[in-house]
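Engineer: I'd like to ask you about the structure that follows.
The values are calculated or read from the model by the stated rules, or taken from the named source; none is laboratory data. What you see is a predicted model; the values in this text were computed from it and never measured. Cβ: placed from backbone, ideal geometry, glycine included. Neighbour counts: every protein chain shown. Accessible surface is based on the protein model in full, side chains and every heavy atom, while ligands, DNA and RNA are left aside. Shrake-Rupley method; radii C 1.70, N 1.55, O 1.52, S 1.80 Å.
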Amino acid sequence: MSKRSVKPFIPALSLLFALAAGSLIIAATGSDPLEVWQKMLRSTFASGYGIGQVLFRATTLIFTGLAVVLPFRVRLFNIGGEGQLLMGAFAAALCGLALPAGTPALVAAPALMLVAAAAGAGWALVAGWLKVRRGVNEVISTIMLNFIALALTGYLLTNHFAVPSTVHTPAITPSGWLPDFDTLFRLAWHSPANLSLFVALAVTAGAAVLLYRSRYGYGMIATGLNPEAARHAGVATDRHTLGAMAMGGAMAGLAASNLVLGYKHWFEAGLSTGAGFMGIAVALLAGANPAGIIVAALLFAWLDYGGLAVNTLVPKDIFMMVQAITILSIISFPALFKSWLKED
């Protein structure tokens, strides 16, 4: 069997293996795996609130997944989505406080999203510059920048911008809020799902077009495949490296549209809840392809919220283990099936 025919099934095989392993772990706790999985499905997809929770969580993961996918096309591993998300959310919250109360919604919301994207891109460009000018591995620099972003936003929040006796900023101007689905579609879900989901879908489509239907995207892919050959062919590899990191950071920063503009309406400590790191898992399951990001984000969002819904039956940590096993399987299966993955 050829590599081309087997490779696309690796994510599905990894998922099936992870679900089977999760079922065994659930059974080891003394619970019925079938009952647990059924309750998860009912709690998420049989109610408007459950569907809204899954869509809300998936929205953030789409953004943070794209933050990994775009740099990966230039063979850069962006581990800094968490920090880039924090910087984007913090910048959006501060600018939302500074906007005059009468600013039209059609101006305020897009402006705050651009600010969030710019802040995330700027933070990622630090790692890009270190890579291009000093040869610093982007994995190390983005991990360190995560800690710096966490400390910086925490310090500024606690000492300068938090509402007294709280861990959050004041609310941004209402004209910068994104409407939730209840308002948009006259639903009664009472969930945090909001308009930013359509922003996430739009930028995912834009990323796919950029990578596979544009000259710039081909330059990115060529840079990732063979930087020396691409450089000799006239491709500005350093520029593509910086551009890919900036676009990845902008995607992570745009997650603020979901968390700040569409949900909290302020910045608070612990806002990201690890979504930047979870985006790495989403990107791996999607095969670093924008087309798979949406499905992978929905899956991990379902496991995340579904784990909470069945917390009375089994610990939520079990579903975190399922997520981890899925990623380990994706990484290890190609090696396990090496004899079947050889080229014809």
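Here is a yes/no grid of residues against (1) open to solvent by 20 Å² or more (accessible area, probe 1.4 Å); (2) of a type outside the set (A, V, I, L, M); (3) under 23 Å from the mean Cα position of the chain (by Cα):
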{"residue": "R134", "(1), (2), (3)": "yes, yes, no"}
{"residue": "M144", "(1), (2), (3)": "yes, no, yes"}
{"residue": "L152", "(1), (2), (3)": "yes, no, yes"}
{"residue": "V163", "(1), (2), (3)": "yes, no, no"}
{"residue": "A171", "(1), (2), (3)": "yes, no, no"}
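Engineer: Still on this structure: If we keep just the residues of segment 173-205 that are small (G, A, S) and touching a helix residue (DSSP H, G or I) at 6+ places or on another chain (Cβ under 9 Å), which is most open to solvent (accessible area, probe 1.4 Å)?
Structural biologist: A188
Engineer: Is it fair to say L86 is assigned to a helix (DSSP H, G or I) and either buried (at least 24 other Cβ atoms within 10 Å of the Cβ) or free of Cβ contacts under 8 Å to residues at least 24 places away in the same chain (or both)?
Structural biologist: It is true that L86 is assigned to a helix (DSSP H, G or I) and either buried (at least 24 other Cβ atoms within 10 Å of the Cβ) or free of Cβ contacts under 8 Å to residues at least 24 places away in the same chain (or both).
Engineer: Something else about it: Give me the pairs, please: first residue somewhere in segment 132-161 and within 16 Å of G249 (Cα to Cα) and assigned to a helix (DSSP H, G or I), second residue anywhere and open to solvent by 70 Å² or more (accessible area, probe 1.4 Å) and aliphatic (A, V, I, L, M), beta-carbon distance under 6 Å, and either six or more positions apart or on two chains.
Structural biologist: Final answer for the pair search is none.
Engineer: Say we look at segment 301-326 and pick out the residues that are touching a residue at least 40 places away in the same chain (Cβ under 8 Å) and hydroxyl-bearing (S, T, Y); which of these is farthest from F277 (Cα to Cα)?
Structural biologist: Filtering first and then ranking leaves Y305.
Engineer: Could you list, in sequence order, the residues of segment 297-317 that are of a type outside the set (D, E, K, R), open to solvent by 10 Å² or more (accessible area, probe 1.4 Å) and at pLDDT below 85?
Structural biologist: L308, A309, N311, T312, L313, P315
Engineer: Moving on to the next point. Among the numbered conditions (1) open to solvent by 10 Å² or more (accessible area, probe 1.4 Å); (2) at pLDDT 95 or above; (3) more than 12 Å from F63 (Cα to Cα); (4) not small (G, A, S), tell me where L261 comes up short.
Structural biologist: Evaluating L261 over (1) open to solvent by 10 Å² or more (accessible area, probe 1.4 Å); (2) at pLDDT 95 or above; (3) more than 12 Å from F63 (Cα to Cα); (4) not small (G, A, S) leaves (1) as the failure.
Engineer: So G128 fits all but one of (1) touching a strand residue (DSSP E or B) at 6+ places or on another chain (Cβ under 6 Å); (2) modelled with pLDDT of 95 or more; what number is the exception?
Structural biologist: Against the list (1) touching a strand residue (DSSP E or B) at 6+ places or on another chain (Cβ under 6 Å); (2) modelled with pLDDT of 95 or more, G128 comes up short only on (1).
Engineer: Go through the residues of segment 60-67 one by one and say whether even a single one is free of Cβ contacts under 8 Å to residues at least 60 places away in the same chain, within 20 Å of S196 (Cβ to Cβ) and assigned to a helix (DSSP H, G or I).
Structural biologist: Within segment 60-67, none of the residues are free of Cβ contacts under 8 Å to residues at least 60 places away in the same chain, within 20 Å of S196 (Cβ to Cβ) and assigned to a helix (DSSP H, G or I).
Engineer: Next up: Just give me the residues in segment 206-219 being under 30 Å from D182 (Cα atoms) and either free of Cβ contacts under 8 Å to residues at least 24 places away in the same chain or open to solvent by 60 Å² or more (accessible area, probe 1.4 Å) (or both), in sequence order.
Structural biologist: Result: G206, single match.
Engineer: Could you list, in sequence order, the residues of segment 95-131 that are in a helix (DSSP H, G or I), of a type in the set (A, V, I, L, M) and either farther than 16 Å from A255 by Cα or open to solvent by 50 Å² or more (accessible area, probe 1.4 Å) (or both)?
Structural biologist: Selection gives L97, A98, A105, L106, V107, A108, L114, A118, L125, V126, A127, L130.
Engineer: Picking from G249, G262, G224, G253, which residue would you name as being within 22 Å of S191 (Cα to Cα), among the small types (G, A, S), assigned to a helix (DSSP H, G or I) and in contact (Cβ under 8 Å) with a residue 60 or more places away in the chain?
Structural biologist: Within the list G249, G262, G224, G253, the selection yields G262.
Engineer: Another one. Which of the residues that make up segment 50-83 are basic (K, R) and surrounded by fewer than 20 Cβ atoms within 10 Å (Cβ to Cβ)?
Structural biologist: R75
Engineer: May I ask you to say which residue of S43, S47 is open to solvent by 40 Å² or more (accessible area, probe 1.4 Å), hydroxyl-bearing (S, T, Y) and under 17 Å from T312 (Cβ atoms)?
Structural biologist: S47
Engineer: Here are some residues: S5, S31. Which one is hydroxyl-bearing (S, T, Y), under 23 Å from L328 (Cα atoms) and at pLDDT below 95?
Structural biologist: Only one candidate qualifies: S5.
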